[in-house]
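What follows draws every value from the coordinates through simple rules; no lab data is involved. Keep in mind that what you see is a predicted model, and the values were worked out from it rather than measured. Neighbour counts run over all protein chains shown; Cβ positions are idealised from the backbone, glycine included.
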C-alpha cells in the first residue's frame with residue numbers, strides 16, 4: 001500500500017509563498033485536492049511527483065524522499081494540467097516513448113495496454129496535433145499509466161473532456177482506487193469531486209484548510225450554523241415552536257421549495273428537538289434534509305473563513 005506523506009512542507013518562489021507548512025497523508029483510494037486558483041495545488045502535486053524540491057519540510061513516498069529519487073519516480077504517474085506534448089508525434093509514439101524511458105521489458109505491450117485502458121486504440125496512429133482537448137487528456141493518462149505506477153497524480157484531469165469522457169475517466173479512477181492504488185486528483189468541478197473522492201484535502205492560500213469527507217468537514221465547523229430544508233404538515237406552527245428553542249438561530253419560509261429553511265446553531269440538540277416538537281404539536285414531518293452539505297457549500301465556507 002503506497003502512501004505519500006507531506007510533512008511540514010513549504011515551497012516559495014522568491015518572495016511568493018506557494019505552499020505554507022502543509023502536512024497531510026495521501027493513501028490508497030481516491031483523494032480529491034480542492035482549492036481556489038492560486039491556492040498551491042499544482043505546486044503540491046509537482047513536489048509529490050518529484051518535479052520540485054520543497055523549500056522546507058519533506059515529501060516522501062513510503063518514507064523515501066521523492067526529490068531526485070529514481071526508484072520513487074518508478075512508482076509515480078503524473079497527468080499535468082499543462083499540455084507539454086509533442087504535437088508532431090502520434091499518440092502511439094508518445095506513449096511508447098514514455099515506456100522506453102522507463103526501460104520496461106516490453107515497452108510496446110505496455111503502451112498497448114495503457115492506450116486500451118483509456119480507450120484510445122482507434123486514434124493512436126493519428127498525430128497529437130489532430131486531437132481534441134479530451135483526447136490529449138486521455139493520451140497523457142495513458143502515458144502516466146504505462147509503467148503501472150502505484151501512485152497516480154492528476155492535475156485538473158477533467159479539463160476539456162465531454163460528459164462521456166468524464167464518466168469514463170471517473171469510472172477508471174474509481175476502479176483504480178478500489179484496487180488499492182493511491183490516486184490524487186485536483187479539480188475545480190466540485191460535483192465531480194463529491195461523486196468520486198472518498199477523501200478530500202482542502203488548500204486555501206497555500207495552507208491546509210481541512211481534511212476528510214465533506215460532511216465530516218462541515219460538521220467540524222461548529223462556528224457556523226447548519227442549514228436544513230424542512231417540509232411539514234404545518235410549517236407555521238413548527239417554525240413558531242423551533243424559533244423559541246436555543247438550538248435554532250433563524251427560520252425562513254422558502255416559497256420556491258414550499259418549505260422552511262432553518263439555521264441550527266446546535267447540531268446535536270436540533271436533531272433531538274425537531275422530532276420531539278413535531279410530535280408534541282401533532283405535526284407530520286415530510287422532509288428533513290441538509291441544504292448546505294454539498295461539497296460546493298463546504299468549499300465556499302472554507303474559502304471565506
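Could you tell me which of rounded, prolate or oblate describes the range 4-218, using a ≥ b ≥ c as the square roots of the eigenvalues of the alpha-carbon gyration tensor, with rounded for a/c under 1.5 and, failing that, prolate when a/b is larger than b/c and oblate otherwise?
Taking the square roots of the gyration eigenvalues as a ≥ b ≥ c, the range 4-218 is prolate.
Considering only 73, 86, 286, give the residue with the highest GNM mean-square fluctuation for the chain, with springs between Cα atoms whenever their separation is below 10 Å.
286
Is the range 147-305 rounded, prolate or oblate when judged by the Cα gyration tensor, a ≥ b ≥ c being the square roots of its eigenvalues, rounded requiring a/c under 1.5 and prolate requiring a/b larger than b/c?
The shape class here is prolate.
Given the options 270, 214, 158, state which has the largest fluctuation in a GNM of the chain using a 10 Å cut-off (strictly under) for Cα springs.
Highest fluctuation among the options: 270.
What do the square roots of 5 times the Cα gyration tensor eigenvalues come to for the range 224-292, in whole Å, largest first, as semi-axes of the equivalent ellipsoid?
Each semi-axis is √(5λ); the values are 16, 15, 10 Å.
Do the sum for the chain: with -39,500 (n - 2.57) for every DSSP H run of n ≥ 4, divided by all residues, what is the mean residue ellipticity at 222 nm, to the nearest 500 deg cm²/dmol?
-10500 deg cm²/dmol
GNM, the chain, Cα, under 10 Å: largest mean-square fluctuation among 75, 252, 100?
Result for the chain, Cα springs under 10 Å: 252 fluctuates most.
Helix 107-117 versus the longest principal axis of the chain: what is the Cα-based angle in degrees, 0 to 90, to the nearest 10?
So the inclination is approximately 30 degrees.
Take the alpha carbon gyration tensor of the range 218-263, find the square roots of its eigenvalues, order them as a ≥ b ≥ c, and report rounded if a/c is under 1.5; if not, report prolate when a/b exceeds b/c, else oblate.
oblate
Tell me, in nm to one decimal, what length is gained between residue 129 and residue 167 on full extension, where the rule is 0.36 nm per residue of separation less the Cα-Cα distance?
11.3 nm
Pairing the Cα long axis of helix 295-304 with the longest principal axis of the chain, what angle in degrees results, from 0 to 90 and rounded to the nearest 10?
Between helix and principal axis, roughly 90 degrees.
Rounded to the nearest 5, what % of DSSP beta bridges with both residues in the range 4-218 are antiparallel?
In the range 4-218, approximately 55 percent of DSSP beta bridges are antiparallel ones.
Once label points are set 7 Å from the Cα along Cα→Cβ at both residue 86 and residue 100, what is their separation, rounded to one decimal in nm?
With each label placed 7 Å out from Cα toward Cβ, I get 0.8 nm.
Evaluate E = 1/(1 + (r/R0)^6) for residue 1 and residue 265, where r is the Cβ-Cβ distance and R0 equals 45 Å; express this FRET efficiency to the nearest 0.05.
The formula returns an efficiency of 0.65 here.
What is the helix-to-structure angle for 91-101, meaning the angle in degrees between its Cα long axis and the longest Cα principal axis of the chain, kept from 0 to 90 and rounded to the nearest 10?
70
Fully extended, how many nm does the chain gain between residue 68 and residue 56 (0.36 nm per residue separation, minus their Cα-Cα distance)?
My answer for the length gained is 2.8 nm.
State the three equivalent ellipsoid semi-axes of the range 82-196, derived from the C-alpha gyration tensor as the square roots of 5 times its eigenvalues, in descending order and whole Å.
The three semi-axes for the range 82-196 are 22, 17, 11 Å.
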